[in-house]
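Note sheet for the following structure.
The values are calculated or read from the model by the stated rules, or taken from the named source; none is laboratory data. Everything numeric here is computed off the predicted structure, so don't read it as measured data. Quick reminder, even Gly has a Cβ in these numbers, built from the backbone with ideal geometry, and neighbours come from all protein chains shown. We work out accessible area using only protein heavy atoms, side chains counted, and drop any ligands, DNA or RNA first. Shrake-Rupley method; radii C 1.70, N 1.55, O 1.52, S 1.80 Å.
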Amino acid sequence: MTKRMKIILGCVAAAVIGIVVYGWSDFKKDWSGDGATAWSEEEEEGTARIGLEFNADSAYAFTKAQCDFGPRPMNTYAHGTCTEWIIRKFEQYGCKVTTQKADLKGYDGTVLHACNIMAQYRPELTTRILLCAHYDTRPWADNDPDPANWRKPIIAANDGASGVGVMIEVARMLQEVASGAHNTVALDLGVDFVCFDAEDWGTPRWADVEDKADSWALGAQYFAAHLPEGYEARYGILLDMVGGQGAKFYQEAMSQQFAGQIVKKVWKAARRAGYGSYFPKATGGAITDDHIPMNEVAKIPTIDIIPYYPDCRQSSFGPTWHTLSDDMEHIDKATLKAVGQTLVEVLFTELQ
């Protein structure tokens, strides 16, 4: 999970000041203020809810399966075996899978053997939506309350596994719908599931070097600069830490700046699905995450669904962020359901 948040003033388009802190900025806005993406109640409720249920139990199982490999930081056996498992799952659910391998350099000069994974539902279609999440895990629990744990790797049930777990469940659902198992017309839309690698090797808090923003999201940086030939997508949705207990997903400020209409689309879908309480009509801070290179380099408007805990003293990313407590005991099926059902609403209303 990329951990740098810039404090912003005024509306999203305003200049970013040069104060950088860990986690979301304390700055936030009420719905009535500038910066939030507005729409009317009439517009919000104008479309009926999709009659297709996202299975949170299944997404939870896919999240747990990754955690069962143990910590999965770069250049480890567990990372490699998890990579192969993710590939097999997407293939099992009818996706065409390709990989993008690259040797990338970490903040400390370590060569990271990265593997981005791209799984495509209906690759023959030209109208496409991109869903993405990172799957590598933090090598160091450098935000743990106990400094003795700061150099220990984490399980990363939320910060890594949850986003991939939700995407695999969406892929399973799409195959099931296409087979006629539901009373729903198959999705006539291409969906690309991209699992970014090397996201979480960013500078640890204990390192005696400057924490530079480009030390994070290395796999996404590489993918954005080396898109498959001719690749285009209408927009992208990044899933980052989408299974935490008590999570709420405020509108991330850089997402508003780059892709405000997509923020509007997704937050409307959440309210239509009955999960508006998880997606507040309020702006959070601005974060450097995998969506930044997708916007700036790949030129694909991409938003970040990422939690904000305004009252959490441990971290505004939540109490388990970069700690040994980021495990399956702190994953909430209700949060997975809220995010997954919102994605189902988005995808199945895209062509309406």
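Is it the case that Asp188 is at pLDDT below 95, surrounded by fewer than 21 Cβ atoms within 10 Å (Cβ to Cβ) and assigned to a helix (DSSP H, G or I)?
no
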| Within the group Asp304, Asp327, Asp311, which residue is modelled with pLDDT under 95 and charged (D, E, K, R)? | Asp311
| task | Determine whether segment 142-157 contains at least one residue that is touching a residue at least 12 places away in the same chain (Cβ under 8 Å), part of a strand (DSSP E or B) and either buried (at least 17 other Cβ atoms within 10 Å of the Cβ) or out of contact with any Leu (no Cβ under 9 Å at 6 or more places or on another chain) (or both). | result | no
| request: Taking Ala253 as the residue in question, decide whether it is more than 28 Å from Lys333 (Cβ to Cβ) and surrounded by fewer than 24 Cβ atoms within 10 Å (Cβ to Cβ). | output: no
| request: Could you pull out the residue among Gly219, Gly160, Gly165 that is on the phi > 0 side of the Ramachandran plot, part of a helix (DSSP H, G or I) and either touching a helix residue (DSSP H, G or I) at 6+ places or on another chain (Cβ under 6 Å) or crowded, with 24+ Cβ neighbours inside 10 Å (or both)? | output: Gly160
| query | Across segment 73-104, which residue is farthest from Ala259 (Cα to Cα) among those that are without any contact (Cβ under 8 Å) to a residue 40 or more places away in the chain and assigned to a strand (DSSP E or B)? | reply | Asp103
| query | Which of the residues belonging to segment 207-250 are among the hydrophobic types (A, V, I, L, M, F, W, C), within 18 Å of Cys132 (Cβ to Cβ) and touching a Lys or Arg at 6+ places or on another chain (Cβ under 9 Å)? | reply | Trp216, Leu218, Ala224, Ala233
| task | Considering only residues that are in contact with a strand residue (DSSP E or B) (Cβ under 8 Å, 6 or more places away or on another chain) and of a type in the set (Val, Ile, Thr), look in segment 169-204 and name the one that is nearest to Tyr135 (Cα to Cα). | result | Val194
| Name the pairs whose Cβ atoms lie under 7 Å apart, with the first residue in segment 323-342 and under 10 Å from Tyr60 (Cβ atoms), the second assigned to a helix (DSSP H, G or I) and of a type in the set (Lys, Arg), and 6 or more positions between them or separate chains? | Met328/Lys64
| field | Residue that is farthest from Pro147 (Cα to Cα), among those in segment 302-313 that are of a type outside the set (Val, Ile, Thr) and buried (at least 20 other Cβ atoms within 10 Å of the Cβ) | value | Asp304
| remark: All conditions in (1) part of a strand (DSSP E or B); (2) without any contact (Cβ under 8 Å) to a residue 24 or more places away in the chain are true of Cys195 except (2)
| Which of the residues belonging to segment 34-68 are closer than 17 Å to Thr342 by Cβ, in a loop (DSSP other than H, G, I, E, B), open to solvent by 30 Å² or more (accessible area, probe 1.4 Å) and modelled with pLDDT of 55 or more? | Ala48, Arg49, Gly51, Glu53, Asn55
| remark: Of the listed residues (Ser325, Ser316), the one being open to solvent by 30 Å² or more (accessible area, probe 1.4 Å) and either hydroxyl-bearing (Ser, Thr, Tyr) or in contact with a Leu (Cβ under 9 Å, 6 or more places away or on another chain) (or both) is Ser325
| field | Residue tally, condition in a loop (DSSP other than H, G, I, E, B) and in contact with a helix residue (DSSP H, G or I) (Cβ under 6 Å, 6 or more places away or on another chain), over segment 105-141 | value | 4
| message | If Asn295 meets every condition in (1) open to solvent by 20 Å² or more (accessible area, probe 1.4 Å); (2) under 16 Å from the mean Cα position of the chain (by Cα) apart from one, which number is that one? | response | (1)
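The rows are residues; the columns are (1) buried (at least 16 other Cβ atoms within 10 Å of the Cβ); (2) in contact (Cβ under 8 Å) with a residue 40 or more places away in the chain; (3) part of a loop (DSSP other than H, G, I, E, B).
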position: Leu174; (1), (2), (3): yes, yes, no
position: His182; (1), (2), (3): no, yes, yes
position: Arg205; (1), (2), (3): no, yes, yes
position: Glu229; (1), (2), (3): no, no, yes
position: Met241; (1), (2), (3): yes, yes, yes
| remark: Those residues of segment 256-288 that are over 20 Å from Val164 (Cα atoms), outside any loop (DSSP other than H, G, I, E, B), open to solvent by 30 Å² or more (accessible area, probe 1.4 Å) and among the hydroxyl-bearing types (Ser, Thr, Tyr) come to a total of 1
| Residues (in a helix (DSSP H, G or I) and either buried (at least 24 other Cβ atoms within 10 Å of the Cβ) or aliphatic (A, V, I, L, M) (or both)) located in segment 328-340 | Met328, Ala334, Thr335, Leu336, Ala338, Val339, Gly340
